[in-house]
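Q: Please read through the structure below; I'll follow up with questions.
The values are calculated or read from the model by the stated rules, or taken from the named source; none is laboratory data. Computed from a prediction, not measured in an experiment: that's the story for all the values here. Backbone-built Cβ (ideal geometry, glycine too); neighbour counts: all protein chains shown.
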Amino acid sequence: MRIDPRPLPAVLPFLGELPPLLTRLYAARGVTSQDELDKSLARLIPYQQLKGIDAAVDLLVTALEQRQRILIVGDFDADGATASTVGTLGLRLLGAAHVDYLVPNRFEYGYGLTPEIVAVALQREPQLLITVDNGISSVEGVAAAKAAGLKVLVTDHHLPGDELPAADAIVNPNQPGCGFPSKALAGVGVIFYVLMALRARLRSLGWYDKQPQPNIGELLDLVALGSVADVVPLDANNRILVYQGLERIRAGRARPGIKAILEVAKRDHTRITSTDLGFILGPRLNAAGRLDDMSLGIECLLTSDFAQAREMAAQLDGMNQDRKAIEQGMQREALAQLKDLPLDSMPFGLCLFDPEWHQGVIGILASRMKERYFRPTIAFADAGDGLLKGSGRSVPGFHIRDALAVVASQHPNLIAKYGGHAMAAGLTLPEANFPLFADAFDAEVRRQLREEDLTGRLLSDGTLAVEEFHLELARALRNAGPWGQHFPEPLFHGVFQLVEQRVVGERHLKVVLKSECGAVKLDGIAFGIDREVWPNPTIRWVELAYKLDVNEFRGQETVQLMIAHIEPR
């Protein structure tokens, strides 16, 4: 692992009366003006800039006025679950008479609005179908819904294919011709924007002349959770949404379901960070969609009864434990496939398959293997009927969805279908095509990347001076976010004397360190260490990449280093 300095602009911007360290951290993350640090809702990009927003609101106003039956079709991940919840609760708040949701079971129907899902949806006799976090590639599904006489509103954030569905309205910042400046909205962010636009239209129509205007800001905790869990870039607009949602959670105003999941995870809601959304709440919510049916996760978020929420949160937590066990077994099997392969002869693009692997966990497996080997990775599972389902994760500089498009164009009929983002993608292909696909994918990765691109690299914000290891700075860094994708939490590096070391749990290394000059004693923890290396009493000096954090134990707060990388010196 290489530790490189994070690039800085030649001239640091003026960001107000900030400490020099914070100015440098923000500048290194692309912040160019003080306005970008304003996290008030008034700074959100106006909804009017979204293409298709007026047509979408027209459909919804008609649906509300005519008391139509509205059915929301979501996705089976945390973004889809929160988007389904926000759509359902938000439309009810705004006066919709009949709102329900439907989430495809990933093992029966796969992703998106397929004709098969439309057939299931028709059993509920909807008049308006709304997709959230999917739909932009559902050409056949939308056609089936239209043929059945339904109105269709597509809200999505994924990249579109060559053909758009013939929906009555499409809201997606990534659709052709959309001038919305932030292309990074999550699916839950898109439906929240639609609700903002709908509330404004209803206000102009006089709906709230004789009744209080609904506060859709109550949904921001869900928007924050879905945005972080979906790992969308936290640009200035998304940082506002996430910050406002975190503030609601910290103030105790979160949905009962979010409170219950935090309780079962033993997390104090007053101290929650964006990292907790991604690593504590997101996985427990995702576990339902990965192993069973995401409806449990949505019901947990929808309920206003805390006792019910607590019961469902416990089920989600149990599912997450099961998911971890399955994932660990799959990791061992994947490593066994690669153990005899020298690194210099390993494919640039890794494709892994085992007929026993779990469809719902292959995305996590791909992510773990990508992190271990620093190369684009796709893990496949048996999807039945002679098909494989793959989930891919990429490395910086390699757009995996576009790479699949290149492979598909060069090898017609090799891939049945695909979609995704720059860093994550999914696909389906006949099992017989797996060897040819693996070769074609590796060739495309080799065409775009060089060997030096496949070296693990951490970007550091520099070293901290001895006098900077204090609680005030740790608290300031915690509150300076929200941190996340493309706006990473500050990472520092340095050489330390290793005073104490012990393993806690299964693979966590607790250490006591001294600064290089020996003036300061610090606690640190590294998660998921290699048990073949640690602990090692012969190692006295280590180089670390770390985050400065606040540890609370029995009411006492102390500085703690969250170690991202540790190696002997």
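Q: Hey, Ala408 hits all of (1) buried (at least 18 other Cβ atoms within 10 Å of the Cβ); (2) within 19 Å of Ser367 (Cβ to Cβ); (3) not hydroxyl-bearing (Ser, Thr, Tyr) but one; which does it fall short on?
A: (2)
Q: Against the condition touching a residue at least 24 places away in the same chain (Cβ under 8 Å), within 30 Å of Trp207 (Cα to Cα) and more than 21 Å from the chain's Cα centre (by Cα), how does Val118 come out, does it pass?
A: Spelling it out, it is not the case that Val118 is touching a residue at least 24 places away in the same chain (Cβ under 8 Å), within 30 Å of Trp207 (Cα to Cα) and more than 21 Å from the chain's Cα centre (by Cα).
Q: Another question, then. Mind listing just one residue for me: the one in region 395-440 that is in a loop (DSSP other than H, G, I, E, B) and aliphatic (A, V, I, L, M) and, of those, farthest from Gly135 (Cα to Cα)?
A: Val395
Q: Separate question: Residue pairs, Cβ under 6 Å, 6 or more apart or interchain, first in region 272-297 and in contact (Cβ under 8 Å) with a residue 60 or more places away in the chain and more than 20 Å from Ile249 (Cβ to Cβ), second crowded, with 24+ Cβ neighbours inside 10 Å and acidic (Asp, Glu). List them.
A: From residues that are in contact (Cβ under 8 Å) with a residue 60 or more places away in the chain and more than 20 Å from Ile249 (Cβ to Cβ), the pairs are Gly289/Asp77.
Q: Do you know which residues across region 4-44 are outside any helix (DSSP H, G or I), surrounded by 16 or more Cβ atoms within 10 Å (Cβ to Cβ) and more than 25 Å from the chain's Cα centre (by Cα)?
A: Within region 4-44, Leu15, Leu18 meet the criteria.
Q: Scan region 376-400 for residues that are under 27 Å from Ala564 (Cα atoms) and either surrounded by fewer than 23 Cβ atoms within 10 Å (Cβ to Cβ) or in contact with a strand residue (DSSP E or B) (Cβ under 6 Å, 6 or more places away or on another chain) (or both) and report the count.
A: Count: 12.
Q: To continue, here is another question. I need the full set of residues from region 285-299 which are within 30 Å of Val550 (Cα to Cα) and either in contact with a Lys or Arg (Cβ under 9 Å, 6 or more places away or on another chain) or among the aromatic types (Phe, Trp, Tyr) (or both), in order please.
A: Scanning region 285-299 gives Asn286, Ala287.
Q: So Arg290 passes all but one of these: (1) more than 18 Å from Ala229 (Cβ to Cβ); (2) in a helix (DSSP H, G or I). Which condition number does it fail?
A: The failed condition is (1).
Q: Within region 39-79, track down each residue that is of a type in the set (Lys, Arg) and on the phi > 0 side of the Ramachandran plot.
A: From region 39-79, those of a type in the set (Lys, Arg) are 39, 43, 51, 67, 69; that's our starting set.
Matches in region 39-79: Arg67 only.
Q: Which pairs have Cβ atoms under 7 Å, sit 6 or more apart or on different chains, and link a residue in region 420-434 that is within 14 Å of Ala381 (Cβ to Cβ) to one that is among the basic types (Lys, Arg) and surrounded by 21 or more Cβ atoms within 10 Å (Cβ to Cβ)?
A: Thr428/Lys389
Q: Mind telling me which of the residues Glu468, Glu444 ends up being under 30 Å from Ile378 (Cα atoms), surrounded by 14 or more Cβ atoms within 10 Å (Cβ to Cβ) and either touching a Leu at 6+ places or on another chain (Cβ under 7 Å) or modelled with pLDDT of 90 or more (or both)? Write out each step before concluding.
A: Details: Glu468 fails: under 30 Å from Ile378 (Cα atoms).
Only one candidate qualifies: Glu444.
Q: One residue is enough: does region 461-476 have a residue meeting the conditions of a type in the set (Val, Ile, Thr) and under 27 Å from the mean Cα position of the chain (by Cα)?
A: no
Q: Please indicate, with yes or no, whether at least one residue in region 5-12 is under 30 Å from Val223 (Cβ atoms), of a type in the set (Lys, Arg) and either free of Cβ contacts under 8 Å to residues at least 60 places away in the same chain or touching a Ser or Thr at 6+ places or on another chain (Cβ under 8 Å) (or both).
A: Step one: list which residues in region 5-12 are under 30 Å from Val223 (Cβ atoms), which gives 6.
Then drop every residue that is not of a type in the set (Lys, Arg), which leaves 6.
Okay, now just the ones that are also either free of Cβ contacts under 8 Å to residues at least 60 places away in the same chain or touching a Ser or Thr at 6+ places or on another chain (Cβ under 8 Å) (or both), so 6.
Looking through region 5-12, at least one residue is under 30 Å from Val223 (Cβ atoms), of a type in the set (Lys, Arg) and either free of Cβ contacts under 8 Å to residues at least 60 places away in the same chain or touching a Ser or Thr at 6+ places or on another chain (Cβ under 8 Å) (or both).
For every residue, the table says whether it meets (1) at pLDDT below 90; (2) touching a Ser or Thr at 6+ places or on another chain (Cβ under 7 Å); (3) crowded, with 17+ Cβ neighbours inside 10 Å; (4) farther than 22 Å from Leu21 by Cβ.
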{"site": "Leu473", "(1), (2), (3), (4)": "no, no, yes, no"}
{"site": "Arg478", "(1), (2), (3), (4)": "no, yes, yes, no"}
{"site": "Phe487", "(1), (2), (3), (4)": "no, no, yes, no"}
{"site": "Val499", "(1), (2), (3), (4)": "no, no, no, yes"}
{"site": "Arg507", "(1), (2), (3), (4)": "yes, no, no, yes"}
{"site": "Ser515", "(1), (2), (3), (4)": "yes, no, yes, no"}
{"site": "Ile525", "(1), (2), (3), (4)": "no, no, yes, yes"}
{"site": "Asn536", "(1), (2), (3), (4)": "yes, no, no, yes"}
{"site": "Arg540", "(1), (2), (3), (4)": "no, no, no, yes"}
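Q: When you go through Val231, Val171 one by one, which is the residue that is hydrophobic (A, V, I, L, M, F, W, C) and modelled with pLDDT of 95 or more?
A: Of Val231, Val171, the one residue that is hydrophobic (A, V, I, L, M, F, W, C) and modelled with pLDDT of 95 or more is Val171.
Q: Looking at region 33-75, which of its residues are closer than 14 Å to Ala200 by Cα and among the charged types (D, E, K, R)?
A: Those that are closer than 14 Å to Ala200 by Cα and among the charged types (D, E, K, R): Asp54, Asp58.
Q: To continue, here is another question. Could you tell me which numbered condition Asp322 fails, if it satisfies all but one of (1) surrounded by fewer than 17 Cβ atoms within 10 Å (Cβ to Cβ); (2) outside any helix (DSSP H, G or I); (3) within 23 Å of the chain's Cα centre (by Cα)?
A: Result: Asp322 fails condition (2) only.
Q: Can I ask one more? As an exercise: evaluate Leu202 against (1) farther than 18 Å from Val132 by Cα; (2) surrounded by fewer than 18 Cβ atoms within 10 Å (Cβ to Cβ) and give the number of the one condition it does not meet.
A: (2)
Q: Additional query: Across region 245-256, which residue is surrounded by the most Cβ atoms within 10 Å (Cβ to Cβ) among those that are over 19 Å from the mean Cα position of the chain (by Cα) and in contact (Cβ under 8 Å) with a residue 40 or more places away in the chain?
A: Residue satisfying both the conditions and the ranking: Arg255.
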